[in-house]
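Okay, structure first, notes after.
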Amino acid sequence: MKGQTTNILLVGVGGQGILLASEILSETFMLAGFDVKKSEIHGMSQRGGSVVSHVRFGEKVFSPIVPEGEGDILFGFELMETLRALPLLRKGGKVVANDLQIPPSSVLMGKAAYPEMVDERIREKFPDFLLVDGQRLAVKAGNARAANTVLLGAVSRRIDVAEEYWLQALERMVPAKALDVNRKAFMLGREF
Amino acid sequence: MREILSGNEAIARGAFEAGVLVATGYPGTPSTEILENAVSYREIDSSWAPNEKVALEVAIGASFAGARTIVTMKHVGVNVAADPLFTLSYTGIKGGLVLVTADDPEMHSSQNEQDNRNYAKFAKVPMLEPADSQECKDFTKLALELSEQYDTPVLLRTTTRISHSKSIVELNDRVTGLPVPALVSNAAKQVMLPANAKVRHPLVEDRMRRLAEAASTMSINRMELRDNSVGIITSGVCYQYVREAFPQVSTLKLGLVNPLPVKLIRSFAEKVGRLYVVEELDPFFEEQILAMGIGVTGKEIIPVCGELSPEKIRKAFAGHGIEAGSAVEVPEADAGAIALPPRPPNMCPGCPHRGVFYTLNQLKAYVTGDIGCYTLGFLPPLSSMETCVCMGASIGNATGAVKVVSEDEKKRVVAVIGDSTFIHSGITGLADMVYNNAPATVVILDNRITAMTGRQDNPASGFTLMNEPAHRIDLSQLCSALGVKHVRTVNPFDLEETRKALKEEMERPETSVIITNKPCVLVKREGVFKKGPLFAVEAEKCTGCRACLKLGCPAIQWKSGEGKNGVSYIDPMLCTGCDVCRQLCKFDAIGRAK
């Protein structure tokens with residue numbers, strides 16, 4: 001990870017829970033004693049459009065958005081959106097994505113095709129790309145809806161922040177009744 | 001205590017800490033969450049107003065009674081509130097009054113990207129511009145203090161990247177011991193008859209002169225001297241971008257963006273070699289600095305259109321000999337990635353607007369549109385909207401169109417407007433339509449919520465911002481009272497009923513109103529939206545005619561590889577059971593899911 005500020009991008013489709021995931025990330029970094037900024041666009045994106053959330057941490061963070069081509073970690077909630085966001089990453093950046101395809105309207109209507117071999121196309125540029133079957137592991141943890149937390153666990157392994165801060169942030173941000181499942185899901189993700 | 005807050009959350013917190021008693025506004029991205037957070041502080045009376053003008057008038061009333069107040073809106077909302085604002089500048093205030101204008105450079109969720117710094121100069125009021133969430137909180141408090149100190153409303157300007165970015169904020173307690181509000185007579189100051197206003201205007205000029213004088217020593221206008229060969233004057237999020245792009249250059253960060261600190265700018269200009277201005281949208285600082293006789297470069301290299309970013313600023317300064325902060329190796333763009341299918345926003349599965357736009361498209365209506373989720377009716381495959389200008393414009397646009405087109409074309413003109421937008425500024429348009437006898441049809445899409453901005457209550461939803469039950473305006477009675485003789489209510493999930501109503505009312509050579517009566521699927525309130533039994537496609541019966549795909553429902557997917565010609569498939573995770581697609585299938589292939 002480079003010098004001062006670490007840049008994380010979360011991408012996917014409106015309604016997937018990207019905002020909550022980026023909030024858990026931010027909380028973790030604040031607990032670990034870093035300066036944190038995060039940014040995303042609300043509004044139109046909530047109606048099933050593409051969503052990009054930026055999270056940055058370090059000793060002192062200025063811009064709330066990650067300069068294009070300076071992303072260190074790409075956290076993909078959907079495959080095509082992960083592919084679309086690759087130009088935001090620096091060379092050697094890390095990609096972790098959920099193995100999930102959500103067809104956009106043009107594909108639903110049969111007017112366009114969902115891109116093929118997304119996995120291979122990402123791996124070609126970023127050889128250590130990690131594709132996670134979030135749903136399957138979430139079911140194993142006890143609830144299919146905890147897929148994002150599995151992914152968060154996998155992302156956490158690629159960021160140099162102690163486990164205790166991640167768990168504290170989960171405790172603060174996840175509703176009490178869902179906490180146990182989410183803790184399990186997070187730890188399953190951390191095995192990657 | 002420290003918390004990570006968005007700019008909007010921090011403004012609400014600042015209002016709380018500063019002892020604000022009244023918070024009001026109208027929802028509009030990116031301003032909405034200020035009031036949604038203000039409502040969590042029980043000490044503040046928080047409410048949604050029907051529009052921004054009313055909101056500001058309510059705030060003025062509370063301020064004249066001595067309460068600290070905050071009023072929030074998006075940039076175009078200030079256009080609506082401009083009438084009271086310009087005269088409020090003359091009356092001044094009693095309790096501190098801050099108007100938050102949340103601007104939207106890049107038009108992430110807006111119809112234009114007007115630069116509301118111009119309003120501060122135009123209305124002759126001070127404006128503060130924070131650069132992160134901590135400043136959002138601090139500047140809200142400072143704005144209230146300046147308001148009282150200089151007897152003026154104060155504008156607090158954010159942009160989308162400030163409103164919706166989160167950063168760490170230090171929390172403090174709420175102030176105590178502020179004066180208790182009460183009615184006070186001060187007519188000469190508050191009744192703006194010409195005789196009184198003539199007395200007030202010179203005071204406004206004097207106030208702005210005093211503020212400009214004080215601006216040069218205000219700590220929120222901050223000179224940061226580093227490498228002094230280059231100096232950049234900037235404010236708001238652009239300051240963060242400049243620091244990111246060029247950590248070594250000297251900066252003059254303006255917290256008060258109107259009036260400008262002339263002495264401080266002169267002194268900065270003398271201390272640095274080459275002087276630049278980095279500002280989003282208009283050359284607001286640049287023109288004023290040039291008028292001071294100081295040479296400065298700005299819009300010659302910085303784009304006027306859209307929002308800025310660290311990389312845009314780096315690009316703009318290429319060849320100007322400034323050392324960039326970081327230089328990372330950017331991988332070549334994947335040519336294939338650029339050709340990916342786009343993912344535009346869409347109406348939700350089960351949205352009550354979908355069937356209406358499908359029918360309008362089938363009837364070849366000329367739809368004058370309005371601001372809300374239903375503006376998405378513009379997108380394919382519904383593709384049925386011809387105009388969308390501002391809140392409430394649909395009705396006036398329809399009246400204007402039927403004034404001039406042929407008798408046959410008049411029948412095609414249909415205005416489409418949501419419940420919240422109708423109350424915001426459609427009622428007067430409808431009064432005009434009836435009064436001037438314009439034979440157009442108005443469809444009020446009453447989904448009982450202000451949906452686009454994230455489900456805010458309004459006078460037709462039956463609840464207040466504080467989630468207390470409230471009178472629900474009867475839109476049908478309201479239209480009748482305005483003089484519309486033909487008002488009917490339809491179930492928009494019944495395509496036949498909707499089609500019949502639209503056809504008949506479009507034919508009618510008089511003003512008519514059709515109100516749809518199904519709620520937004522996202523309203524979670526008990527008993528409002530009910531998910532019905534789901535639907536599914538029987539693949540054997542599906543002929544692949546694609547009629548159901550014309551709805552553009554996210555739950556319906558085309559499977560090209562299946563059946564003889566391909567078949568439709570309904571995703572049970574997304575289907576809400578609205579029943580609209582079933583009515584389009586001529587082959588009975590869509591039925592209740594088993």
Counting only other residues whose beta carbon sits under 9 Å from that of A:Ile73, what net charge do I get with K and R as +1, D and E as -1? +1
Eligible lysines near B:Lys594 by straight Cα distance, threshold 18 Å, same-chain separation 8 or greater: B:Lys531, B:Lys541
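As a test of reading the structure, rank B:Thr297, B:Thr32 by solvent-accessible area (1.4 Å probe, protein chains only), most first.
The residues order as B:Thr297, B:Thr32, largest area first.
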Sparsely packed trypsin sites (Lys or Arg not before Pro) within the stretch A:108-192, loop by DSSP, other Cβ within 10 Å at most 16: A:Lys111, A:Arg157, A:Arg190
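So what is the 222 nm mean residue ellipticity for chain B from helices alone, if each DSSP H run of at least 4 adds -39500 (n - 2.57) and you divide by all residues, rounding to the nearest 500 deg cm²/dmol? Please list the in-between numbers first.
Details: 22 runs with 207 residues, N = 594.
About -10000 deg cm²/dmol.
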Accessible area of chain B belonging to carbon and sulfur atoms, whole % at 1.4 Å probe: 54 percent
Select from B:Ile265, B:Asn397, B:Ile168 the residue farthest towards the positive end of the dipole of the protein assembly as shown; place +1 on Cβ of Lys and Arg, -1 on Cβ of Asp and Glu, and compute about the Cα centre. B:Asn397
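In this model, which of A:Lys140/B:Lys166; B:Lys141/B:Lys189; A:Lys177/B:Lys524; A:Lys111/B:Lys550 are farther than 22 Å apart at the alpha-carbon? Each step should come with its number before you reach the end.
Numbers: A:Lys140/B:Lys166 33 Å; B:Lys141/B:Lys189 25 Å; A:Lys177/B:Lys524 20 Å; A:Lys111/B:Lys550 12 Å.
A:Lys140/B:Lys166; B:Lys141/B:Lys189, as the Cα separations exceed 22 Å there.
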With every protein chain left in place, what is the accessible area of B:Leu549 in Å² (1.4 Å probe, nearest 10)? 10 Å²
For the stretch B:1-21, which residues drop by 10 square angstrom or more in accessible area between the chain on its own and all protein chains together (1.4 Å probe)? B:Arg2, B:Ile4
Along the charge dipole of chain B, which of B:Leu502, B:Gly92, B:Ile301 sits closest to the positive end, that is, farthest toward it, with unit charges on the beta carbon of Lys, Arg, Asp and Glu (+1, +1, -1, -1)? B:Leu502
Checking the stretch A:64-102 for trypsin sites (Lys or Arg not before Pro) in a loop per DSSP with at most 16 other beta-carbon atoms within 10 Å yields none
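Using only Cα atoms, what Kirkwood radius does the stretch B:476-565 have, in angstroms? If you can, show how the numbers build up before the last one.
Working: mean 1/r = 0.0599 Å⁻¹.
Taking the inverse mean of 1/r over all distinct Cα pairs, the stretch B:476-565 comes out at 16.7 Å.
Please state the charge dipole magnitude for the stretch B:10-85, taken about the Cα centre, from unit charges on C-beta atoms (+1 on K and R, -1 on D and E), reported in debye and rounded to the nearest 20. Kindly include the intermediate steps, with their values, before the conclusion.
Working: 5 positive and 8 negative charges, 12 e Å.
For the stretch B:10-85, the charge dipole is close to 60 debye.
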Neighbour-limited loop hits for GluC sites (Glu not before Pro), the stretch A:1-85 (at most 11 other Cβ within 10 Å; DSSP other than H, G, I, E, B): A:Glu59
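Counting only heavy atoms of the protein chains, get the accessible area per residue of the protein assembly as shown (1.4 Å probe) and round it to a whole Å² value. Working shown, then result.
Details: 31470 Å² over 786 residues.
In whole numbers, the protein assembly as shown has 40 Å² accessible per residue.
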Stokes-Einstein D for the protein assembly as shown, Kirkwood Rh over Cα pairs, 4 °C, 1.567 mPa s (µm²/s): 46 µm²/s
Take the Cα atoms of the stretch B:2-215, find their three principal axes, and give me the spread along each one in whole Å, biggest first. 49, 41, 37
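Whenever you get a sec, line up B:Lys364, B:Lys411 from highest to lowest accessible area (probe 1.4 Å, protein heavy atoms). Mind showing how you got there, number by number?
Working: B:Lys364 140, B:Lys411 75 Å².
Result of the area sort, largest leading: B:Lys364, B:Lys411.
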Please state the equivalent ellipsoid semi-axes for chain B: what are the square roots of 5 times the Cα gyration tensor eigenvalues, largest first, in whole Å? 47, 31, 22
Convex hull per residue volume in Å³, alpha carbons only, for the stretch B:1-117: 103 Å³
Could you please state, rounded to a whole Å, how far the C-alpha centre of the stretch B:512-531 is from the C-alpha centre of the stretch B:363-436? 21 Å
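So how strong a dipole does the stretch B:354-516 carry about its Cα centre when Lys and Arg Cβ are +1 and Asp and Glu Cβ are -1, to the nearest 20 debye?
Working: 15 positive and 18 negative charges, 35 e Å.
Its charge dipole is roughly 160 debye.
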Using a 1.4 Å probe on heavy atoms of the protein chains only, the accessible area for B:Val262 in Å², nearest 10, reads 60 Å²
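Using the Cβ atoms and a cut-off under 15 Å, what net charge is assigned to the surroundings of A:Lys111, where Lys and Arg are +1 and Asp and Glu are -1? Don't skip to the answer; put the middle values down first.
Details: positive: B:Arg343, B:Arg546, B:Lys550, B:Lys559; negative: none.
It works out to a net charge of +4.
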For q values of 0.13, 0.20 Å⁻¹, compute log₁₀ I(q)/I(0) with the Debye formula on a Cα-only model of the stretch A:122-184, without solvent. -0.39, -0.81
Projected onto the charge dipole of the protein assembly as shown (unit charges on the beta-carbon of Lys, Arg, Asp and Glu, signs +1, +1, -1, -1), the Cα from A:Pro67, B:Ala318, A:Phe186 with the largest positive-side position is that of A:Phe186
Using the structure shown, select from A:Lys91/B:Lys315; A:Lys94/B:Lys315; B:Lys253/B:Lys315; A:Lys38/A:Lys60; B:Lys94/B:Lys198; B:Lys364/B:Lys403 the pairs with a Cα to Cα distance greater than 23 angstrom. A:Lys94/B:Lys315
Taking the C-alpha atoms of the stretch B:222-316, how large are the radius of gyration and the largest Cα-Cα span, Dmax, in Å? 11.9, 31
With DNA, RNA and ligands ignored, accessible area of B:Glu538 (1.4 Å probe; Å², nearest 10): 60 Å²
Using only the alpha-carbon atoms of chain A, report the extent along each of the three principal axes, biggest first, to the nearest angstrom. 49, 38, 35
Under unit Cβ charges (Lys, Arg +1; Asp, Glu -1), what dipole magnitude, rounded to 20 debye, does the protein assembly as shown have relative to its Cα centre? 920 debye
Note the buried accessible area between A and B here, summed over both chains, with a 1.4 Å probe, in Å² to the nearest 100. 4800 Å²
When only the heavy atoms of the protein chains count and the probe is 1.4 Å, how do B:Val487, B:Val180, A:Val155 rank by accessible area, highest first? B:Val180, B:Val487, A:Val155
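The values are calculated or read from the model by the stated rules, or taken from the named source; none is laboratory data. As the structure is a prediction and not an experimental result, all values here were calculated from the model. Note that we place each Cβ from the backbone using ideal geometry, even for glycine, and neighbour counts take in every protein chain shown. Each accessible area value is taken on the protein alone, full model and side chains, heavy atoms only, with ligands, DNA and RNA left out. Shrake-Rupley method; radii C 1.70, N 1.55, O 1.52, S 1.80 Å.
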